[in-house]
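Below is one structure; the comments refer to it alone.
The values are calculated or read from the model by the stated rules, or taken from the named source; none is laboratory data. Not measured: the values here are computed from a predicted model. Heads up, the Cβs are rebuilt from the backbone with ideal geometry, glycines too, and the neighbour counts pull from every protein chain shown.
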Amino acid sequence: MSLVLEKVASGYGRLAVLHGVDLEVPRGEIVSVVGANGAGKSTLAQTISGLLTTTAGTITLDGTPVHRLRPERRARLGLVHVPEGRRLFGGLTVAENVGMGRHAARGRRGDPDVVEHLLDAFPRLRERWGQRAGLLSGGEQQMVALARAAASRPRYLLLDEPSLGLSPRLSSEVFRLVAMIAEETGAGVVLVEQRVDAALRLATTGHVIEHGRIVVSGDAEELRTSEMIRKAYLGV
């Protein structure tokens with residue numbers, strides 16, 4: 001079972017951004033998409049979730065075409081998007097925000113105790129359980145957004161720049177949480193990320209995107225350690 005993109009194109013009005021993108025994300029694996037700013041990473045995540053219209057190509061979720069479905073229909077099928085900026089309800093508590101994920105999970109298979117497992121592994125979340133989300137630090141808010149996504153029992157999880165604006169220490173905590181969510185839920189994860197080294201360390205497969213095209217794909221560790229790839233496409 002996989003999330004599959006074939007020859008996908010999209011953009012903003014007349015501005016084409018993605019061009020013929022092919023991507024496969026098996027259930028239970030983390031697939032990282034890395035590239036420079038403006039390469040098309042966030043556009044890719046928004047296209048998969050339905051926030052942007054697919055203008056060509058197909059997107060299938062475990063064999064079911066979803067590229068013509070609205071975002072909420074895709075979400076009900078288990079395609080869960082954690083967008084850049086977290087999008088929490090600041091006036092609600094951490095518990096209430098995560099509870100929205102549990103509500104969205106109704107009717108989907110999965111471990112109902114996954115959030116408890118996350119709280120055991122990340123006691124900071126438990127400590128903040130009754131606090132309003134808007135009062136938390138950026139790193140804590142990102143953890144809440146990820147916990148809410150995990151509570152929804154995703155089949156596939158789209159993570160758009162989860163480390164954006166975070167310190168290296170907090171980024172490491174967030175990536176550790178991502179790895180645990182993938183293991184606990186069995187979801188396929190699309191990790192769109194600016195921190196190239198960390199993203200590729202976490203993933204099984206890596207893709208480099210440049211000017212809206214996937215230019216290199218392969219084993220994530222091989223991409224991470226390739227000096228040629230890093231210099232030619234990633235500027236690192």
Which ranges mark the strands (runs of 3 or more DSSP E) fully within the stretch 1-74 that have 2 or more residues being of a type outside the set (A, V, I, L, M, F, W, C)? 2-12, 15-26, 54-61
Taking only pairs six or more apart or across chains, which ones have beta-carbon atoms under 8 Å, a first residue in the stretch 136-162 that is without any contact (Cβ under 8 Å) to a residue 60 or more places away in the chain and within 10 Å of Ile181 (Cα to Cα), and a second residue that is assigned to a helix (DSSP H, G or I) and of a type in the set (Ser, Thr, Tyr)? Ala150/Thr185
Checking the conditions here, which among Arg68, Arg74 is under 30 Å from Gly134 (Cα atoms) and among the charged types (D, E, K, R)? Arg74
One residue is enough: does the stretch 181-196 have a residue meeting the conditions without any contact (Cβ under 8 Å) to a residue 24 or more places away in the chain and not polar (S, T, N, Q)? yes
Select, from Thr55, Thr64, the only residue that is farther than 20 Å from Pro154 by Cβ and of a type in the set (Ser, Thr, Tyr). Thr55
Could you tell me which residue of the stretch 103-131 is nearest to Arg176 (Cα to Cα), considering only residues that are at pLDDT 70 or above and of a type in the set (Gly, Ala, Ser)? Ala121
